[in-house]
Amino acid sequence: MSTDLIRYDLLLQDALRGVMRKVLADAALAGRLPGDHHFTISFRTRAPGVKISSRLAEQWPHEMTIILQHQYSNLVVDERGFSVCLSFRSIPEQLYVPFEAVTVFSDPSVEFGLKWEVEEASSSAPRDETPAPFPTRPPGVAAVPSAPKPAKAAERAAPEGEEEAKIVSIDAFRKKT
């Protein structure tokens, strides 16, 4: 097998990050998210260029997930990442997240999601060079399974010997106005 000198895997990862960049930039330009769209974004808190308060870094030392829906402000997108103001326990915090730090970007309203595999620098395990059969998902990119709709989740039985998973709506944690 020949060596991939072009690095299609990295090109594809960058292109998919471009999708996220475009969607966030459009939302920043409009000043709101269109329709019922909302974004769930997970990122590595220790990745280079991430700017979060020490309070948040202590609480989420490895990875953090944020939701952009109704209660956010100052969304600004540049070529390398995005900045947004969110409240954590009623304390506003300005975050800056480089696109390279993002591990998951999803829009549950339309069951769309992207997940980037993160190769740890400390990993010394040899990479499997066996080619996968075509068609395949690009290396380093995995599909994010869409969350089941609550009615369907309630109908599913837990596998034998396991407890049934409980699905809690994010609305349960929001302030009632």
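The values are calculated or read from the model by the stated rules, or taken from the named source; none is laboratory data. As the structure is a computational prediction, the values presented were derived from the model and not from experiment. In this analysis, Cβ positions are derived from the backbone assuming ideal geometry, glycine residues included, and neighbour counts consider all displayed protein chains.
Observations on the model:
- Residue 3 vs. criteria among the β-branched types (Val, Ile, Thr) and free of Cβ contacts under 8 Å to residues at least 12 places away in the same chain: yes
- Within the range 55-70, considering residues that are in contact (Cβ under 8 Å) with a residue 40 or more places away in the chain and either within 17 Å of residue 23 (Cβ to Cβ) or not charged (D, E, K, R) (or both), the one surrounded by the most Cβ atoms within 10 Å (Cβ to Cβ): 68
- A single member of 42, 122, 83 is at pLDDT below 95 and not aliphatic (A, V, I, L, M), and it is 122.
- Residue match in the range 57-69 (condition: touching a strand residue (DSSP E or B) at 6+ places or on another chain (Cβ under 8 Å) and of a type in the set (Phe, Trp, Tyr)): no
- If you go through the range 52-78 and keep only what is touching a Phe, Trp or Tyr at 6+ places or on another chain (Cβ under 9 Å) and of a type outside the set (Val, Ile, Thr), you end up with 53, 55, 56, 59, 63, 64, 68, 69, 75.
- Those residues of the range 1-37 which are small (Gly, Ala, Ser), under 19 Å from residue 109 (Cβ atoms) and in a loop (DSSP other than H, G, I, E, B), in sequence order: 31, 35
- Any hit, the range 38-47, residues being farther than 18 Å from residue 115 by Cα, part of a strand (DSSP E or B) and aromatic (Phe, Trp, Tyr): no
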